[in-house]
1. Would you be able to say whether some residue in region 305-315 is in contact (Cβ under 8 Å) with a residue 24 or more places away in the chain, in a strand (DSSP E or B), more than 29 Å from V171 (Cβ to Cβ) and not small (G, A, S)?
2. Looking only at region 190-242, which residues are farther than 17 Å from N179 by Cβ, touching a strand residue (DSSP E or B) at 6+ places or on another chain (Cβ under 9 Å) and β-branched (V, I, T)?
3. Out of all the residues in region 388-421, which are of a type in the set (D, E) and in contact (Cβ under 8 Å) with a residue 60 or more places away in the chain?
4. Among K115, K152, which is in contact (Cβ under 8 Å) with a residue 24 or more places away in the chain, touching a Cys at 6+ places or on another chain (Cβ under 9 Å) and of a type in the set (D, E, K, R)?
5. Got at least one residue in region 115-135 being in contact with a strand residue (DSSP E or B) (Cβ under 7 Å, 6 or more places away or on another chain), more than 13 Å from G37 (Cβ to Cβ) and surrounded by fewer than 18 Cβ atoms within 10 Å (Cβ to Cβ)?
6. So if I check each of F173, F189, which one is in the same structural domain as S292 (by the TED database) and assigned to a strand (DSSP E or B)?
7. Of the residues in region 165-177, how many are within 19 Å of the chain's Cα centre (by Cα) and either open to solvent by 10 Å² or more (accessible area, probe 1.4 Å) or farther than 30 Å from T279 by Cβ (or both)?
8. Of all residues in region 372-387, which are without any contact (Cβ under 8 Å) to a residue 24 or more places away in the chain, open to solvent by 40 Å² or more (accessible area, probe 1.4 Å) and acidic (D, E)?
Amino acid sequence: RLHLVTWNVGTAPPPPDVTSLLQLNSLGPTMDMYVIGLQEVNSKITNFLSDLAFDDPWSIFFMTVLSPLGYIKLSSVRMQGLLLLIFVKHIHLPFIRDIHTQFTRTGLYGYWGNKGGVSIRMSLYGHTICFMNCHLPAHMENTEQRLDDFEKILEMQFEGENIPSTLEHDVLFWFGDLNFRIADYGIHFVRESINNKRYSLLWEKDQLNMAKKTEAFLKEFIEGPLQFKPTYKFDLYSDVYDTSEKKRKPAWTDRILWRVKHLCQNASKEGEFSEEEQTIFVTLNNYVSHMSYGISDHKPVTGTFGLELKPLVSSPLVMLHPEGEWSAEHDVLIRYSAVPEFPSSAWDWIGLFKVTFRHTNDYVTYAWVEDDEISSDKDGKQVYMSAAEIPTMGGEFLLCYYSNNLQSVVGISEPFQILPSKTSTEKDLTQEENSRMQKPDDLESRDES
């Protein structure tokens, strides 16, 4: 279950509440993955530089909302105002591998990143999936420029890297402020059609719908029906279309499309593929706008999808669990075992995390799998963590094995309890402060000696 958000936030800070945007009160099953694509995130130079050094306010905001619900930030990529974030449930972490990010500038002939695309690609249970958040050129007359820029982004993303091109992924999601407008019709006809909820009158003049009929590279992209009001352009904090002097014509600028590779193969090689051979199915369950959000002149759009996968990867590369009773009264042990083909490295580490951890650098402490190993046999290996590193307050935690070669978590333990220590909590507060000060960035400060 995948929930995808696209929102041009118009340089505004996050709103007070995103419960409805993320469908957190939904009565159905919870989402497995959130993919959040934002455009026009505040990118003044001072903001942008500080955001590169630290997480930006939007990332922190979504982490704060989602981490208590059992999601971690899997990956993110930022290019000036474009931001793409992916959050997943803990349970899926060992089955998500080969994560890569990429950005492509198209503003100012490719020198400026105010327009372009950012992508995150991965292998999910053995299937290749790519998420691409784009901000294409504005204005009615720039349809060709939008199409040229998108084609350029498709060609340039991951070019020359040892991974599939965007169109070679099993599933490609394309979304963002694509800036396509409603052609030909005048503003009064458009607004009257919207007021009467006769959206279908406008579909045939939507520039993206028209381009999909003529442009070969777009024909394979699928989109749900536009059964919501055009999402641009609104007066701030209202559901009233632009009342400024410019009186911009409403348009469905904010879109979510997807492309399934095997459907394209089926179309080109009819009869050669049976349904049994298909290993991935994408179903759109909901495609809506959210009128209650007014921080920008765009309304956010969400798509809720079902991804049905026949797992090509069904067991973690590493199994691990805590041994015995854990507390800060004594050193503690971790046992782990890896599959024979696992490409281990001296730089692999096992992290201790609170169950509400926000991303892979959010560990409480960690052990190097080689330096801190104390035993090895045919059933696996043992690694120790020092009592001095264990939180004296106790609580619910889990262990993650991070592979340096694969740049991802390849094993995760069941949640377990650390018992509170009999010593005072002062040690814990001091230790937490020290670990904040000494925490190495991506564990790169290891002394090789």
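The values are calculated or read from the model by the stated rules, or taken from the named source; none is laboratory data. Predicted model, so just to flag it, every value in this text is computed and none were measured. So basically every Cβ, Gly included, is an ideal-geometry build from the backbone, and we count neighbours across all protein chains shown. Note: areas computed on protein heavy atoms with side chains; ligands, DNA, RNA excluded. Shrake-Rupley method; radii C 1.70, N 1.55, O 1.52, S 1.80 Å.
1. To start, the set of residues in region 305-315 that are in contact (Cβ under 8 Å) with a residue 24 or more places away in the chain comprises 305-315.
Okay, now just the ones that are also in a strand (DSSP E or B), so 305-309.
Then drop every residue that is not more than 29 Å from V171 (Cβ to Cβ), which leaves none.
The answer is no, given that none of the residues of region 305-315 is in contact (Cβ under 8 Å) with a residue 24 or more places away in the chain, in a strand (DSSP E or B), more than 29 Å from V171 (Cβ to Cβ) and not small (G, A, S).
2. Listed by number, the residues that qualify are I194, I222, V240.
3. We begin by selecting, within region 388-421, every residue of a type in the set (D, E); these are 389, 396, 414.
Residue satisfying the conditions is E414 alone.
4. On the way: K152 fails: touching a Cys at 6+ places or on another chain (Cβ under 9 Å).
Answer to the check: K115.
5. No: zero hits.
6. On the way: F189 fails: assigned to a strand (DSSP E or B).
Exactly one residue qualifies, and that residue is F173.
7. Of the residues in region 165-177, the ones within 19 Å of the chain's Cα centre (by Cα) are 165-167, 169-177.
Still in the list and also either open to solvent by 10 Å² or more (accessible area, probe 1.4 Å) or farther than 30 Å from T279 by Cβ (or both): 165, 167, 170, 177.
Qualifying residue count for the region: 4.
8. First, pick out the residues of region 372-387 that are without any contact (Cβ under 8 Å) to a residue 24 or more places away in the chain: 372-373, 375-378.
Subset that is open to solvent by 40 Å² or more (accessible area, probe 1.4 Å): 373, 376-378.
Listed by number, the residues that qualify are E373, D377.
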